[in-house]
Amino acid sequence: QQPVQSPQAVILREGEDAVINCSSSKALYSVHWYRQKHGEAPVFLMILLKGGEQKGHDKISASFNEKKQQSSLYLTASQLSYSGTYFCGPPMGGNEKLTFGTGTRLTIIP
Amino acid sequence: SAVISQKPSRDICQRGTSLTIQCQVDSQVTMMFWYRQQPGQSLTLIATANQGSEATYESGFVIDKFPISRPNLTFSTLTVSNMSPEDSSIYLCSVEYIIGQPQHFGDGTRLSIL
């Protein structure tokens, strides 16, 4: 029951906007988002709680629709540093264990 | 932010041998987890390391193959036993200071089995 992310990969020019979607077949109560650069560990971006929308970074925001069991990550005016693979990670088990989504590889080119 | 030291950073091992990976955190944490990540893939949870008791394993992972220890609130080990080429992967530890809060990851151990 791994959450499915779309798109799988996207290439953008610097300054363009991107939307990454995360869809689950199970009920969600919160969603974590992480970014992993090539060869590095995943880094936490933000948590969205039921009924809330939260901005974790300057031009990166996200929404969470618990009824649709979906979350979306919005990257505005993308920068080269935004390149990496983005994972959603909703808790789907006991002790708030995260089940990471399929991932979206984002490449920003000058 | 958390300082997580994971060792070794990489290793090349022979088939049939075992390797123990260490994860040390600079302060006490509530939760410690071990993940496996195949190249270009997502993260798969192996188990939750429980302090002072047996780890909680996810479906498809067993204690005989992946024994885990957590003797205190800052340290855990994962052993990959009787390795085969299918075990070649990146293994990551992560920690949560408070349940439900962000997870912080170690830099990972890149393991190759010949």
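The values are calculated or read from the model by the stated rules, or taken from the named source; none is laboratory data. Just so you know, these numbers come straight off a predicted model, no measurement behind them. So basically every Cβ, Gly included, is an ideal-geometry build from the backbone, and we count neighbours across all protein chains shown. Surface areas here come from the heavy atoms of the whole protein model, side chains and all, with no ligands, DNA or RNA. Shrake-Rupley method; radii C 1.70, N 1.55, O 1.52, S 1.80 Å.
Across peptide A:96-105, how many C-beta atoms of other chains are within 10 Å of each residue C-beta, on average?
Working: counts 9, 10, 7, 5, 7, 2, 2, 5, 0, 1.
Per residue, the number of nearby Cβ atoms from other chains is 5 on average.
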Can you tell me, using C-alpha contacts under 8 Å and at least 6 residues apart, the relative contact order of chain A as a whole percent? 37
Sort by residue number and report every cysteine in the protein assembly as shown with no other cysteine beta carbon within a distance under 4.7 Å. B:CYS13
If you take each beta carbon of peptide B:98-105 and count the beta carbons of other chains within 10 angstrom, what is the mean? 6
Check: the range A:4-109 dipole with +1 on Lys, Arg Cβ and -1 on Asp, Glu Cβ, in debye: 240
Treating every alpha carbon of chain A as one equal point scatterer without solvent, the Debye formula yields log10 I(q)/I(0) values at q = 0.23 Å⁻¹ of -1.29
Residue with peak Gaussian network fluctuation, chain A [Cα springs, cutoff 10 Å], from A:ILE47, A:ILE11, A:ILE20: A:ILE11
Residue by residue through the range B:12-27, the couplings from Karplus 6.51 cos²θ - 1.76 cosθ + 1.60 with θ = phi - 60°, in Hz, x for Gly and Pro, are 10, 10, 8, 3, x, 8, 10, 9, 10, 9, 10, 9, 10, 10, 7, 8
Give the long-range amide H neighbours of A:GLU66: residues separated by 5 or more places, or on another chain, with amide H under 5 Å away, using H modelled in the peptide plane at 1.01 Å from N. A:GLY51
Lys pairs, the protein assembly as shown - Cα-Cα below 27 angstrom, 8 or more residues apart or on other chains: 23
Which far-off residues, 5 or more places away or on another chain, put their amide H under 5 Å from the one on B:ASN50, with H placed in the peptide plane? B:ALA55, B:THR56
Grab the other residues whose beta carbon is less than 13 angstrom from that of B:GLN6, score K and R as +1, D and E as -1, and report the net. -1
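Relative contact order of chain B: what whole-number percent is it, with Cα pairs under 8 angstrom and at least 6 residues apart? Could the numbers behind the result be given before it?
Details: 285 pairs, mean separation 41.2, N = 114.
So the answer I get is 36 percent.
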Of A:TYR74, A:ALA18, A:LEU98, farthest towards positive along the dipole that unit charges on Lys, Arg, Asp, Glu beta carbons give the range A:1-108: A:LEU98
Running a GNM on chain B with Cα contacts under 10 Å, which residue among B:GLN101, B:GLN24, B:GLN14 ends up with the highest mean-square fluctuation? B:GLN101
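How big is the charge dipole of chain B about its Cα centre, in debye rounded to the nearest 20, if each Lys and Arg gets +1 on its Cβ and each Asp and Glu gets -1 on its Cβ? Walk me through the intermediate numbers first.
Details: 7 positive and 9 negative charges, 41 e Å.
I would put it at about 200 debye.
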A:LEU49 to A:SER25: extension gain in nm, 0.36 nm per residue of separation minus the Cα-Cα distance? 6.9 nm
Heavy-atom accessible area ranking, 1.4 Å probe, most first, across A:GLU96, B:GLU96, A:GLU14, B:GLU58: A:GLU14, A:GLU96, B:GLU58, B:GLU96
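Run the dipole for the protein assembly as shown about the Cα centre, Lys and Arg Cβ at +1, Asp and Glu Cβ at -1, nothing else charged, and hand back the magnitude in debye, nearest 20.
On the way: 18 positive and 17 negative charges, 45 e Å.
I would put it at about 220 debye.
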Which far-off residues, 5 or more places away or on another chain, put their amide H under 5 Å from the one on A:MET46, with H placed in the peptide plane? A:TRP33
Toward the positive end of the charge dipole of chain A, about the Cα centre and with charges on Cβ (Lys, Arg +1; Asp, Glu -1), which of A:VAL43, A:ILE108, A:SER83 goes farthest? A:VAL43
When chain B is modelled as a GNM with alpha-carbon springs shorter than 10 Å, which of B:SER59, B:SER94, B:SER84 fluctuates the most? B:SER59
For A:ASP58, B:ASP87, A:ASP17, write out the residues from largest to smallest accessible area, computed with a 1.4 angstrom probe and no ligands counted. A:ASP58, A:ASP17, B:ASP87
Return the Cα extents of chain B along principal axes one, two and three, sorted largest first, each rounded to a whole Å. 38, 26, 21
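If you wrap a convex hull around the alpha carbons of the protein assembly as shown, what volume per residue comes out, as a whole number of Å³? List each step's numbers first, then the result.
Working: hull volume 26.2 nm³, N = 224.
That works out to 117 Å³ per residue.
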